[in-house]
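The values are calculated or read from the model by the stated rules, or taken from the named source; none is laboratory data. This is a predicted model, so every value here is computed, not measured. When we count neighbours, we look across all protein chains shown, and the Cβ atoms used for this are built from the backbone with ideal geometry, even at glycine.
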Amino acid sequence: MAGFAILTAFLLAGHAIREWGGVPLPANVIGLILFTAALGFRLVKLETVEKAADFLLRHLMLFFAPVVVGVVSFFPLIGREAAAFVGGLVISAVAVLLVTGWTTKALSRETAAGVRAADEAGRAEGAGTGGNARGFDRGG
Amino acid sequence: MPSGWFFDPVFGVAVTVAAYVLSLRLQRRLPWLHPLFVTSGGLILMLVALRIPYTAYAAGGKVLEFFLGPATVALGVPLYRQFRRMKRNLAAILAGVTAGSATGLVTAGLSASLFGASQELVRSMMPKSVTTPIALELARDLGGVPELAAVLTVLTGLFGSMFGPALLRRCGVRDDLPLGIAIGTAAHGIGTARLIRESEPQGAASSLAMALAGIVTSVLAVLVRNGI
């Protein structure tokens, strides 16, 4: 329960900062940034919040199911604009996937292979060269 | 025919939790069935069949929705955990997530406009790549409809989680890090949930990207709002 109290306290702070501080981000995002910073600076211990946080995140779907149910009120709009609904969704999803993947790949190549090498070092002999080979030989 | 007690919040909470538990059970037998679709679809059918007004359901629905707030803050836990592991690639990750988030806002807005969508839909579409609780708030801030944003976000997550990994591999993105970051940025928690089952390093990268994309997109949305 202490974890839940801490999470809601940060959410409350997010609301206060949005209202009074004029920060234009959503209150939950402000809360998330502050909370992550607090973890980083060891103001909040990971062990205190871990249980509550993992529970909330595991059941995220339960919490936004009611919002999805709310779409019943917007069926007529979706029917009218079905092409834009589907087209916009697919085009933009593909664009985000590729732009993110390519950008991260281009900038992380060497270090990514290194990190994987470190990850795999325990598993296989010569993982470093293996990681490197896989990192470099399959340019797109 | 619905009488007073339908409007008590306990009604919406009880049926939603029951539908959620049942859908999780069902998923164990039929793994391709997404629990969120079963839960929401089942509830919609029930409301329509029994002619229960949406406002009656929403009294309880709002109670559960409340937990989206603390759940978003809770994203700080995976963010912090993965942040420590991926410090070395932070610049590449931030660049990828920022480029992807900007692409998401712009292409969603533009492509929906090209298809002749209303402003309502365009503005609900823009934040659809980020995790649902953040997408809702961003849609509200941008002048869109939170319910539409929720559905678009969920569908985007399903699309990205079903087709994303294959598409990325075909386009030359095969390493764990860029693949996970791309899925987390484009398909938030639903994409992350799939990757975690298949590969621990990919899932870790994806959950980091999902939290970062939520923050980065929120900041970019402020610029969009000031520009409009």
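Please tell me if B:Gly189 is touching a helix residue (DSSP H, G or I) at 6+ places or on another chain (Cβ under 7 Å), within 7 Å of chain A (Cβ to nearest Cβ), closer than 20 Å to B:Ser40 by Cα and at pLDDT below 90. Don't jump to the end; show me each part of the working.
Working: touching a helix residue (DSSP H, G or I) at 6+ places or on another chain (Cβ under 7 Å): yes; within 7 Å of chain A (Cβ to nearest Cβ): yes; closer than 20 Å to B:Ser40 by Cα: yes; at pLDDT below 90: yes.
Yes: the conditions hold for B:Gly189.
Under the condition of being of a type in the set (D, E, K, R) and not in a helix (DSSP H, G or I), the residues counted in segment A:7-55 number 2. Scanning for something buried (at least 23 other Cβ atoms within 10 Å of the Cβ), at the interface with chain A (Cβ under 7 Å from one of its Cβ atoms) and of a type in the set (A, V, I, L, M), does segment B:44-67 turn up at least one residue? The answer is no; no qualifying residue exists. Taking the numbered list (1) more than 22 Å from the chain's Cα centre (by Cα); (2) under 25 Å from B:Leu148 (Cα atoms) in turn, B:Arg29 passes all entries but (2). Selection of segment A:55-79 for residues being under 19 Å from the mean Cα position of the chain (by Cα) and more than 7 Å from every other protein chain (Cβ to nearest Cβ) yields A:Phe55, A:Arg58, A:His59. Does B:Gly12 satisfy the condition of being outside the structural domain of B:Ile190 (by TED's automatic domain parsing) and touching a Lys or Arg at 6+ places or on another chain (Cβ under 8 Å)? Criteria met by B:Gly12.
I need the full set of residues from segment B:72-102 which are aliphatic (A, V, I, L, M), within 23 Å of B:Ala135 (Cα to Cα) and in contact with a Ser or Thr (Cβ under 9 Å, 6 or more places away or on another chain), in order please. Outline the logic, then answer.
Filtering segment B:72-102 down to residues aliphatic (A, V, I, L, M) leaves B:73-75, B:77, B:79, B:86, B:90-95, B:97, B:99, B:102.
If we keep only those that are within 23 Å of B:Ala135 (Cα to Cα) as well, we get B:73-75, B:77, B:79, B:93-95, B:97, B:99, B:102.
If the condition is that a residue be aliphatic (A, V, I, L, M), within 23 Å of B:Ala135 (Cα to Cα) and in contact with a Ser or Thr (Cβ under 9 Å, 6 or more places away or on another chain), then B:Val73, B:Leu75, B:Val77, B:Leu79, B:Ile93, B:Ala95, B:Val97, B:Ala99, B:Ala102 are the ones that fit.
Among the residues making up segment B:84-100, those that are part of a helix (DSSP H, G or I), touching a residue at least 40 places away in the same chain (Cβ under 8 Å) and more than 7 Å from chain A (Cβ to nearest Cβ) are B:Arg85, B:Leu94, B:Thr98. Among the numbered conditions (1) closer than 20 Å to B:Val154 by Cα; (2) in a helix (DSSP H, G or I), the only one that B:Leu33 does not meet is (2). Being farther than 30 Å from B:Tyr57 by Cβ and either more than 7 Å from chain B (Cβ to nearest Cβ) or modelled with pLDDT under 90 (or both) narrows it down to one residue among A:Ala113, A:Ala82; which is it? Going through A:Ala113, A:Ala82 in turn, just one is farther than 30 Å from B:Tyr57 by Cβ and either more than 7 Å from chain B (Cβ to nearest Cβ) or modelled with pLDDT under 90 (or both): A:Ala113.
Residues that are more than 7 Å from chain A (Cβ to nearest Cβ) and either of a type outside the set (Gly, Ala, Ser) or in a helix (DSSP H, G or I) (or both) within segment B:129-154 comprise B:Val130, B:Thr131, B:Ala135, B:Ala139, B:Arg140, B:Leu142, B:Ala149, B:Thr153, listed in sequence order. Within the set of pairs 6 or more residues apart or between chains, which connect a residue that is surrounded by fewer than 24 Cβ atoms within 10 Å (Cβ to Cβ) inside segment B:164-184 to a residue that is assigned to a loop (DSSP other than H, G, I, E, B) and not hydrophobic (A, V, I, L, M, F, W, C) with Cβ atoms less than 7 Å apart? Qualifying pairs under 7 Å: B:Cys171/A:Gly140; B:Gly172/A:Arg138; B:Gly172/A:Gly139; B:Gly172/A:Gly140; B:Arg174/A:Arg138; B:Asp176/B:Ser199. Tell me, please, whether a residue that is among the β-branched types (Val, Ile, Thr) and buried (at least 21 other Cβ atoms within 10 Å of the Cβ) can be found in segment B:218-225. So far as segment B:218-225 goes, no, none of its residues is among the β-branched types (Val, Ile, Thr) and buried (at least 21 other Cβ atoms within 10 Å of the Cβ).
Inside segment B:163-173, residues that are more than 19 Å from B:Ala99 (Cβ to Cβ) and in contact with a helix residue (DSSP H, G or I) (Cβ under 7 Å, 6 or more places away or on another chain) make up a count of 1. Entry remark, segment B:38-80: residues being in contact (Cβ under 8 Å) with a residue 60 or more places away in the chain and over 23 Å from B:Pro9 (Cβ atoms) number 4 in total. Which residue is nearest to the other protein chains (Cβ to nearest Cβ), if the candidates are limited to segment B:195-214 and must be assigned to a helix (DSSP H, G or I) and surrounded by fewer than 22 Cβ atoms within 10 Å (Cβ to Cβ)? Filtering segment B:195-214 for residues that are assigned to a helix (DSSP H, G or I) and surrounded by fewer than 22 Cβ atoms within 10 Å (Cβ to Cβ), the one nearest to the other protein chains (Cβ to nearest Cβ) comes out as B:Pro201. For segment A:24-43, state whether one or more residues are aromatic (Phe, Trp, Tyr) and touching a residue at least 24 places away in the same chain (Cβ under 8 Å). Yes, the conditions are met somewhere in segment A:24-43.
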